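Reading through the structure tokens given below for one structure.
The values are calculated or read from the model by the stated rules, or taken from the named source; none is laboratory data. Because the structure is a prediction, the values reported are computed rather than measured. Backbone-built Cβ (ideal geometry, glycine too); neighbour counts: all protein chains shown. Only protein heavy atoms, including side chains, enter the accessible area calculation; ligands, DNA and RNA are left aside. Shrake-Rupley method; radii C 1.70, N 1.55, O 1.52, S 1.80 Å.
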Amino acid sequence: MKFVENQPSDDTLDLVCRVCPLHLLEPGDKLNCLKKGQVLEVLTDYDGALEDIPNWCQKCGQDFIGIEEDDDCYKLYIRKNK
Amino acid sequence: MKNVYMDHASATPVRKEVIEAMLPYFDQHFGNPSTVYDMGSKIKQVMEEQRAKVAKLIGAKAEEIIFTSSGAEANNLAIKGAALARQKKGKHIIISAIEHHSVLNSARFLERMDFEVTFLPVDEYGLVDQQRLSQAMRPETILVSIMHANNEIGTIEPISELSAICRERGVIFHTDAVATVGNIPVDVNELNVDLLSLSGVSLDAPKGVGALYFRDNLRLMPLIHGGIQESGRRGGTENVPAIVALGKASELAAKELPDKVNHVQGLRDLLVAGVPERIEQVKYTGHPKERLPGHASFCIEAIEGEALIFMLNQSGIYANTGSACASKALKTSPVLVAIGIPPALAQGSVVFTLSNSNTVEEIEYVLEKLPVAVDKLRSLSPLWRTKEAA
């Protein structure tokens with residue numbers, strides 16, 4: 001697991017309190033609105049996402065940057081690759 | 001015997017257009033909106049169209065609407081969902097003393113989970129004071145809930161002024177608009193609220209459907225955990241026919257509301273003028289001007305409201321005491337207590353809530369029968385005889 005600090009992002013997807021498997025459905029829609037190279041920040045309080053989102057990025061050809069732990073959620077960063 | 005129905009705050013007849021719109025979704029278009037084949041995805045599309053109609057009625061965006069099973073569920077989701085999602089920031093919430101039981105008991109539930117709740121008092125008309133709200137705010141306050149209009153006394157609260165106080169402090173503001181959406185124009189941006197509850201009951205839609213407006217992806221802890229329905233904020237396969245009904249009812253309300261307001265206000269004014277002319281010692285409760293247009297509420301000295309409802313029922317008139325729960329529990333209405341009505345007078349509460357279907361002739365019929373019923377009850381009342389002797 002790769003940890004990052006103060007990672008800048010171009011857009012945020014807040015999935016805190018949202019149920020599984022939305023963390024695997026909504027990032028794709030959000031990335032569609034970004035340009036190649038831009039970074040999406042995903043906020044979630046679901047532990048399963050820490051494993052699922054990096055795997056999802058690998059499958060979908062997106063670049064998983066890393067995770068930062070905040071007071072009330074995790075922040076996961078994805079760079080749009082295609 | 002005539003049938004004069006004046007309890008539209010409790011239930012409204014479902015309009016023919018609404019029934020016609022919803023019927024095909026029981027048998028012809030019965031698919032599950034979560035399925036990926038045409039029969040489901042088309043239903044999903046229809047459901048999203050209804051979401052847009054409900055949103056349009058209150059000036060919201062379609063993605064800001066969650067369908068629920070009732071106004072009560074919308075209130076529960078707003079209070080518990082917003083508070084639980086923010087509990088790391090603070091555990092203090094503020095509600096008014098005259099909220100509906102679905103707000104009041106949600107707040108009491110949170111008290112059991114170590115939240116602190118401040119119950120804001122109201123004035124003699126039921127209005128929440130802005131200064132009192134400001135004074136009640138604490139650094140750990142995360143949520144304020146003040147109803148848009150009270151179902152028992154009809155008073156409309158100054159929501160935009162109250163929500164501005166919360167906005168300044170970054171505190172979430174919820175309003176229970178079950179009594180207003182469908183009865184007066186409601187716009188979430190003018191009210192400047194983060195959460196707003198509405199119900200099909202006030203919109204001539206069937207019972208068992210409501211909606212919660214939530215601003216800008218606001219965090220809400222789901223009450224019903226399930227699949228990804230309602231964007232993962234409320235699990236469970238959607239009640240599609242009821243949602244179609246709510247959408248159709250919202251579309252009709254958006255078109256017809258100005259005429260309805262004028263019609264019921266005229267009738268209400270006739271009733272309000274006529275009652276004190278015919279019955280002595282009666283108090284018109286709630287705000288005289290800032291109130292729902294089709295709402296008339298009275299407390300009549302030396303009678304028992306429930307007995308009066310039964311008497312009116314014998315003449316085919318259907319009204320309410322205002323608080324079914326309090327009435328059944330033989331408890332003085334907390335709303336009437338909060339506005340300073342003495343307990344004995346509060347027993348004589350009667351509420352008429354009007355709609356498009358009511359007529360001038362019906363108001364005249366009520367004005368004929370109501371004094372007769374009151375006289376009969378007072379003739380049996382030792383309290384009234386004591387008052388008369390004095």
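Just a few scattered comments:
- Stretchable slack from B:V36 to B:N3, in nm (0.36 nm times residue separation minus alpha-carbon distance): 7.0 nm
- Taking amide H as placed 1.01 Å from N in the peptide plane, the amide H of B:I224 sits under 5 Å from that of B:G235, each at least 5 places away or on another chain.
- Using every pair of separate Cα atoms, the Kirkwood estimate puts the hydrodynamic radius of the stretch A:11-79 at 11.8 angstrom.
- Note on B:K283: accessible area approximately 90 square angstrom, rounded to 10, probe 1.4 Å, nucleic acids and ligands left out.
- Rolling a 1.4 angstrom probe over the stretch A:25-79 with all protein chains present gives an accessible area of which 39% lies on carbon and sulfur atoms.
- Cα gyration tensor, chain B - rounded (a/c under 1.5), prolate or oblate: oblate
- Relative contact order for the stretch B:105-188, counting Cα pairs under 8 Å that sit 6 or more residues apart, in percent: 26 percent
- Shielding by partners for peptide B:214-220, expressed as the average number of C-beta atoms from other protein chains within 10 Å of each residue's C-beta, is 3.
- Among B:G210, B:G182, B:G81, residue whose mean-square fluctuation peaks in a GNM of chain B (springs only between Cα atoms under 10 Å): B:G81
- Around the amide H of B:G322, modelled in the peptide plane, lie the amide H atoms of B:V351, all under 5 Å away and 5 or more residues distant in sequence or on another chain.
- Averaging Cα coordinates gives a centre for the stretch B:251-265 and one for the stretch B:197-218; these two points are 18 Å apart.
- Largest mean-square fluctuation among B:M221, B:M113, B:M47, in a Gaussian network model of chain B whose springs join Cα atoms under 10 Å apart, belongs to B:M113.
- Residue ranges A:17-25, B:315-323 sort as B:315-323, A:17-25 when ordered by packing (mean number of other C-beta atoms within 10 Å per residue, highest first).
- Loss of accessible area when A meets B, both sides summed, Å² nearest 100, probe 1.4 Å: 1100 Å²
- Shielding by partners for peptide B:225-235, expressed as the average number of C-beta atoms from other protein chains within 10 Å of each residue's C-beta, is 3.
- 0 to 90° range, to nearest 10: angle between helix B:305-314 axis and chain B longest Cα axis: 90 degrees
- Accessible area (Å², per residue) of the stretch A:11-79, counting only protein heavy atoms and a probe of 1.4 Å: 46 Å²
- Efficiency of FRET between B:N262 and B:K16 - r from beta-carbon atoms, R0 22 angstrom, step 0.05: 0.45
- Helix-only [θ]222 nm of the protein assembly as shown, DSSP H runs n ≥ 4, -39500 (n - 2.57) each, per residue, nearest 500: -12000 deg cm²/dmol
- Apportionment of accessible area to carbon and sulfur, the stretch B:16-253, percent (1.4 Å): 51 percent
- Principal-axis analysis of the Cα atoms of chain B puts helix B:159-169 at an angle of about 50° to the longest axis.
- The residues of the stretch B:62-105 occluded by other protein chains by 30 Å² or more of accessible area, set against the chain on its own, are B:K88; surface from heavy atoms, 1.4 Å probe.
- Helix B:240-278 and the long axis of chain B differ in direction by around 20°, with both axes built from C-alpha atoms.
- In the stretch A:11-26, burial by the other protein chains removes 50 Å² or more of 1.4 Å probe accessible surface, compared with the chain on its own, from A:D14, A:C17, A:R18, A:V19.
- For chain B, a Gaussian network of Cα nodes joined below 10 Å ranks B:A62, B:A107, B:A74 by mean-square fluctuation, and the top entry is B:A62.
- In order through the stretch B:71-81: 3J(HN,Hα) via Karplus (6.51 cos²θ - 1.76 cosθ + 1.60), integer Hz, x for Gly, Pro: x, 4, 5, 4, 5, 4, 5, 5, 6, 5, x
- Rounded accessible area per residue of chain B, 1.4 Å, Å²: 43 Å²
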